[in-house]
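Asks: Structure provided below as structure tokens; questions to follow.
The values are calculated or read from the model by the stated rules, or taken from the named source; none is laboratory data. Nothing here was measured: the structure is a model prediction, and the numbers come from that model. Positions of Cβ are backbone-derived with ideal geometry, glycine not excepted, and every protein chain shown enters the neighbour counts. Calculation scope for accessible area: heavy atoms of the full protein, side chains included, ligands and nucleic acids excluded. Shrake-Rupley method; radii C 1.70, N 1.55, O 1.52, S 1.80 Å.
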Amino acid sequence: MIFVSHSERQTRMLAKKIAALLKLGDIICLTGDLGSGKTVFTKGIAWGLGIAPEKIVSPTFVLLRQYEQSRIPLFHFDLYRVAHSRQISEVGYEEYMFDAGVTVVEWAERLGVLMPESYLKISLRIVSDKSRALTFTARGNRYSALLRQLHAIIKP
């Protein structure tokens, strides 16, 4: 499924709608070039979980930020500076990616061999200064069902 967002606000609103469907243990993998809207999307997920979007900052220099003051804890990984998946293993990523909350991973392609078996992948692509194309791909039964729910509530 592809959705074209015409503003940061529209991207955040879409992510907020998605957050309403998320459950403990859900994993959202974000890919896209610098400036494509990965952190903007994460702010929308946070907003939908009950976290003020302005509290969300890119964890680029710390790898992970945790936000537990919400209906479901949010674990926000940013793998931009990761050179090897070994660095991710060293922080005990698996403690966050399964059942503890909702995990959003920016630059998810850098997980390499650590990529989970099931997840919702959202690839963001710059279309223009304000527009972004978001391509949704489900891996696993849970995310196939989630993608069907998303298709019902958003108009691609």
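Asks: Take the alpha carbon gyration tensor of the chain, find the square roots of its eigenvalues, order them as a ≥ b ≥ c, and report rounded if a/c is under 1.5; if not, report prolate when a/b exceeds b/c, else oblate. Could the numbers behind the result be given before it?
Replies: Details: a/c = 1.35, a/b = 1.25, b/c = 1.08.
In terms of gyration-tensor shape, rounded.
Asks: Counting only C-alpha contacts under 8 Å and six or more residues apart, can you give the relative contact order of the chain as a whole percent?
Replies: Dividing the mean separation by the residue count of the chain yields 32 percent.
Asks: Check each of the trypsin sites (Lys or Arg not before Pro) in region 1-44 and keep only those in coil by DSSP with at most 11 other C-beta atoms within 10 angstrom; list them in order. Working shown, then result.
Replies: Details: sites: Arg9, Arg12, Lys16, Lys17, Lys23, Lys38, Lys43; in loops: Lys23.
Here the sparse-neighbourhood loop sites are Lys23.
Asks: Moving to a separate point now. I want to check the label-to-label distance for Ala52 and Ser118. Put each point 7 Å from Cα in the C-beta direction and report it in nm to one decimal.
Replies: In this crude spin-label approximation the distance works out to 3.6 nm.
Asks: Here is a further query. Rolling a 1.4 Å sphere over the protein heavy atoms, what is the accessible area per residue of the chain, to the nearest Å²?
Replies: In whole numbers, the chain has 50 Å² accessible per residue.
Asks: Just to confirm a number: summing +1 for Lys and Arg and -1 for Asp and Glu over residues other than Ser7 whose beta-carbon lies under 11 angstrom from that of Ser7, what do you get?
Replies: With Lys, Arg at +1 and Asp, Glu at -1, the neighbours total +2.
Asks: Measuring from label point to label point, each 7 Å out along Cα→Cβ, what is the Ile154 to Leu34 span in nm?
Replies: 2.6
Asks: With label points built 7 Å along Cα→Cβ from the Cα atoms of Thr137 and Glu109, find their separation and express it in nm.
Replies: 1.0
Asks: If you put +1 on each Lys and Arg Cβ and -1 on each Asp and Glu Cβ, how big is the dipole of the chain around its Cα centre, in Debye rounded to 20? List each step's numbers first, then the result.
Replies: On the way: 21 positive and 14 negative charges, 129 e Å.
Its charge dipole is roughly 620 debye.
Asks: Looking at the square roots a ≥ b ≥ c of the eigenvalues of the Cα gyration tensor of region 1-89, which shape do they give, rounded for a/c under 1.5, prolate if a/b is larger than b/c, or oblate?
Replies: oblate
Asks: Right, here's the next one. Determine how large the accessible area of Trp47 is when every protein chain is in place; take a 1.4 Å probe and give Å² rounded to the nearest 10.
Replies: 90
Asks: Tell me the mean residue ellipticity at 222 nm calculated for the chain from its helices only (DSSP H runs of n ≥ 4, each -39500 (n - 2.57), averaged over every residue, nearest 500).
Replies: Values: 5 runs with 47 residues, N = 156.
My calculation for the chain gives -8500 deg cm²/dmol from helical runs alone.
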